[in-house]
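Read through the structure below, which is laid out as structure tokens, and then see the notes.
The values are calculated or read from the model by the stated rules, or taken from the named source; none is laboratory data. Not measured: the values here are computed from a predicted model. A quick note on method: Cβ atoms are made from the backbone with ideal geometry, for glycine too, and the neighbour counts reach across all protein chains shown. Quick note on the areas: whole protein, heavy atoms, side chains included, nothing else; ligands and nucleic acids left out. Shrake-Rupley method; radii C 1.70, N 1.55, O 1.52, S 1.80 Å.
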Amino acid sequence: MNAVEAALKLKDATGCKVIVITMGPPPAAGMLRELMAMGADEGVLVSAREFGGSDTYATSQILAAAISTIGVEDDDIVMCGRQAIDATRPRLAPDRREAAPAQVTYAADIQKDGNTITVKRMLEDGYMTIKVQTPCLITCIKELNEPRYMSIGGIYETYSKPLATYDYEKLKDHP
């Protein structure tokens, strides 16, 4: 939720588009609709029987294929939450350059200026400020913000927003 709120704040400030993605069974589409009611522009549900029982590596490859299918532009940011039982998120970083793509974890503050992202990163004993270029991946912590609630208008409008389902056939040819 904190990653979605961070993306929505960037949308409020810059007018960018927010696309939310999750991998799971068909009922997970309800959660995507809630995020769209908060303000996300589009949702993508990655769901197929072939994906059931995926380990960390397979999950990260499937989600990376979904991100690749959507397309990553030079000024895009992939935002994820902090909590997970696996190491899926770091494997999702957009890989559009010869050098390793930028990844910043434990973001407590995010500022965007063109293609430069300034992140205040929480450490055990303080903070570190890091500047990275987009595209990049940022994991967000709960101290970053307080997620907004769905609005009545947002709930009403969510069913007119695009919600795509990416299955095995859609993703099998993407890296």
- Using a 10 Å cut-off on Cβ atoms, rank the peptides 13-20, 119-126 from the highest mean neighbour count down. 13-20, 119-126
- Query: Using the Cβ atoms and a cut-off under 15 Å, what net charge is assigned to the surroundings of Val18, where Lys and Arg are +1 and Asp and Glu are -1?
  - Reply: -2
- Take each of the peptides 63-73, 108-118, average the number of other beta-carbon atoms within 10 Å over its residues, and list them starting from the highest. 63-73, 108-118
- Straight-line reach check, Lys120, cutoff 18 Å on alpha carbons, 8 or more apart in-chain or any other chain, hits among lysines -> Lys9, Lys112, Lys131, Lys142
- Task: Work out the FRET efficiency for Lys17 and Ile130 from their Cβ-Cβ distance, taking R0 = 22 Å, and round it to the nearest 0.05.
- Result: 0.35
- Message: With the crude spin-label approximation of a point 7 Å out along Cα→Cβ, what separation in nm comes out for Arg148 versus Asp173?
- Response: 3.9
- Please report how far the C-alpha centroid of segment 31-53 lies from that of segment 97-156, rounded to the nearest whole angstrom. 21
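Could you please report the charge total around Met36, scoring K, R as +1 and D, E as -1 over all other residues with beta-carbon less than 10 angstrom from its beta-carbon?
Working: positive: Arg33, Lys161; negative: Glu34, Asp41, Glu42, Glu157.
That works out to -2.
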- Message: What does the C-alpha gyration tensor say about the overall shape of the chain? Classify as rounded when a/c is under 1.5, otherwise prolate if a/b is larger than b/c, or oblate.
- Response: oblate
- Message: Quick check for you: which residues of segment 58-84 have the amide N under 16 Å from the point 7 Å beyond the Cα of Ala28 toward its beta carbon?
- Response: 58-70, 79-84
- Would you kindly find the accessible area of Ser54, with a 1.4 Å probe and non-protein molecules such as ligands, DNA and RNA excluded, rounding to the nearest 10 Å²? 40
- Which aspartates and glutamates does Lys161 reach when only Cα atoms under 19 Å apart count, and residues fewer than 8 places away in its own chain are ignored? Glu5, Asp12, Glu34, Asp41, Glu42
- Query: So if we plug the beta-carbon distance of Asn115 and Leu163 into 1/(1 + (r/R0)^6) with R0 = 30 Å, what FRET efficiency do we get, rounded to 0.05?
  - Reply: 0.55
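Using a cut-off of 12 Å between beta-carbons, work out the net charge of the residues near Asp167 (Lys and Arg +1, Asp and Glu -1, Asp167 not included).
Working: positive: Arg49, Lys170, Lys172; negative: Glu50, Glu169.
Here the charged neighbours net out to +1.
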